[in-house]
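Working notes, beginning with the structure itself.
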Amino acid sequence: MKPIRLMSGILTVGFWTLASRVLGVAREIIILALIGPGPLLDAFVAAFRLPNMFRRFFAEGAFNAAFVPMFSKKYEAGEDPLGFARDAMNGLGLVLLAVSAVALIFMPALVYATASGFAGSDRFDLTVGYGRVVFPYIFFISLAALFSGVLNATGRFAVAAAAPVLLNIFVIVAMLGAHFVGGSVISALIWTVPVAGVAQLALTWYAAEQSGVRVRPGRPRLTPDMRRLMRIALPAALAGGVMQVNLLVGQQVASNFDKAVGWLYAADRLYQLPLGVVGIAVGIVLLPDLSRRLKARDDTGGRAAFSRAGEISLALTIPCAVALVVVPLPMVSVLFERGATGPDDSAAIALAVALYGLGLPAFVLQKVLQPLFFAREDTRTPFRYAVWSMIANAVIAIGLAPSIGWIAPAIATTTAGWLMVVLLLLGGRRLGEVARFDARFRRRLWRICLASALMGAAMWGTLILLGPLFGQPGWRYLALLVLLAVGALSYALAGQATGAFRLSEFRNALRRKPR
């Protein structure tokens, strides 16, 4: 049985997720430069959010929360994991086909339900048209998520983590190609999305075959295992739906303000960079590891894995959050301010980035805490907590919008994120010692915060010194590189000096070669 190396697995997934998120930022730079905030971008964001919403509802969130622990335990015990994966794929494929057909037919109603502020404007018809093109992406990417779950459960993280890179590569090439030949950039963007989904599915399916998990499509069967999978997945699906309601509430509020959907989308992509690299990587690796340890009754190893995951998550996330809060405008202006995106757009996006930055540690901690429940096939408890988070998000976003405008969704998202963390921490107490951070984590947490604060001060001082350079097109890129380098170096030195972490731990993990 191939063991799962937690640290090296996290770094492997983190590396490929970083590559995907960096290319994602490059994608947004091109979109904002060639299309810019306005009706076309608002329509694309609203349309592209539809398959992504259902993807998290059916696949990466709900389905994998139920499928990965069950498959991991069957794989650990040798209880016909291939048959289970085959039945799961066939059942998921049938559901996806039905959902896609209904969505394509009733796309106008779906757009109105998710962005009613577009009604009566060109944005509504554009979103309906774009939505019908990009929605089939859900079928391919959801099946790709299943095969990624298989690879993760068997300790093979690299290909599953690398697959999302294809979307960004395909989209970037298509948009630049359309721009240089004088074609429609927005058309190239939307038509490339489903094509990239096919490529992601092909890559993960092939990798699963090469790992020995050979799954073929067939007639769906309602076996006892599938009934159990449905019982576990349903609360997770509802929980995933609740989290998507938070996004939709924000989009509904923002759709009533000009350019706000595009501003929040750009800010979301920037803070998603560290969230994806750290939080998602930790969650992907931790869930199968905890599931297999629980199957083997290794509570001591489970607590150590949980604590080390939390430790590395906060060691990488808290400094990122400080940077997003302290120096958001330089990052936003250098990355996004060109072409169709102006200084006013940069200022609005930077404000949202800072607010999302305050919630970044919470969003990452959720990825660490939820596997404690999912590994025990308990999806009902996170669902209940997600409902409270949804209520808080809706009350804050809708309640604050009349007084503070389009920025209310960002405040609501951050507040709801921290509420979810508090509920998960309190609920985890009943799971015993395995769900409690160990003494080493508690010793290092305050040191991580101190090192991050010192880094923030260094970056603020550097920004004051380099401020004039950010207004000069020829120098602003170098100025941003210097600013980020000062932040990274100061955090590394402060972390070593305070004992927040040891660089040797990362070097040792990198020497291992997880597949």
If you go through 457, 451, 485, the only one that is exposed (fewer than 13 other Cβ atoms within 10 Å of the Cβ), more than 30 Å from residue 374 (Cα to Cα) and modelled with pLDDT of 90 or more is 485
Restricted to segment 196-247 and to residues being surrounded by 19 or more Cβ atoms within 10 Å (Cβ to Cβ) and assigned to a loop (DSSP other than H, G, I, E, B), the residue modelled with the lowest pLDDT is 213
Flagged in segment 349-379 as part of a helix (DSSP H, G or I), under 30 Å from residue 73 (Cβ atoms) and not charged (D, E, K, R), in numbering order, are 362, 363, 364, 365, 366, 368, 369, 370, 371, 372, 373, 374
Within segment 49-76, the residues that are modelled with pLDDT of 70 or more, aromatic (Phe, Trp, Tyr) and under 15 Å from the mean Cα position of the chain (by Cα) are 54
Scanning segment 34-48 residue by residue, the ones that are part of a helix (DSSP H, G or I) and either modelled with pLDDT under 85 or of a type in the set (Val, Ile, Thr) (or both) total 1
If we keep only residues of segment 488-515 that are of a type in the set (Ser, Thr, Tyr) and farther than 15 Å from residue 326 by Cβ, then the residue modelled with the lowest pLDDT is 504
Expected output for segment 141-165 (first residue on the phi > 0 side of the Ramachandran plot, partner outside any helix (DSSP H, G or I) and buried (at least 24 other Cβ atoms within 10 Å of the Cβ), Cβ below 7 Å, 6+ apart or cross-chain) is 155/4
For segment 127-140, the count of residues that are surrounded by fewer than 22 Cβ atoms within 10 Å (Cβ to Cβ) and farther than 12 Å from residue 51 by Cα equals 2
Only one of 399, 357, 432, 342 is of a type in the set (Gly, Ala, Ser) and touching a Ser or Thr at 6+ places or on another chain (Cβ under 9 Å), namely 357
Quiz item: Do we have any residue at all in segment 460-475 that's farther than 27 Å from residue 342 by Cβ and touching a helix residue (DSSP H, G or I) at 6+ places or on another chain (Cβ under 9 Å)?
Solution: yes
Being touching an Asp or Glu at 6+ places or on another chain (Cβ under 6 Å) and closer than 30 Å to residue 300 by Cβ narrows 364, 368, 434, 422 down to just 434
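For (1) more than 21 Å from the chain's Cα centre (by Cα); (2) among the polar types (S, T, N, Q); (3) over 29 Å from residue 483 (Cβ atoms), each residue gets a yes or a no:
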site	(1), (2), (3)
305	yes, no, yes
309	no, no, yes
315	no, no, no
327	yes, no, no
333	yes, yes, no
341	yes, yes, no
349	no, no, no
362	no, no, no
370	no, yes, yes
With the first residue restricted to segment 398-418 and required to be in contact (Cβ under 8 Å) with a residue 60 or more places away in the chain and surrounded by fewer than 24 Cβ atoms within 10 Å (Cβ to Cβ), and the second required to be outside any helix (DSSP H, G or I) and polar (S, T, N, Q), Cβ contacts under 9 Å at 6 or more apart or on different chains are 401/256; 406/256
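The values are calculated or read from the model by the stated rules, or taken from the named source; none is laboratory data. Note that the coordinates shown come from a computational prediction; the quantities given were computed from them, not determined experimentally. Neighbour counts are summed over all protein chains in view; Cβ atoms, including those assigned to glycine, are modelled from backbone coordinates with ideal geometry.
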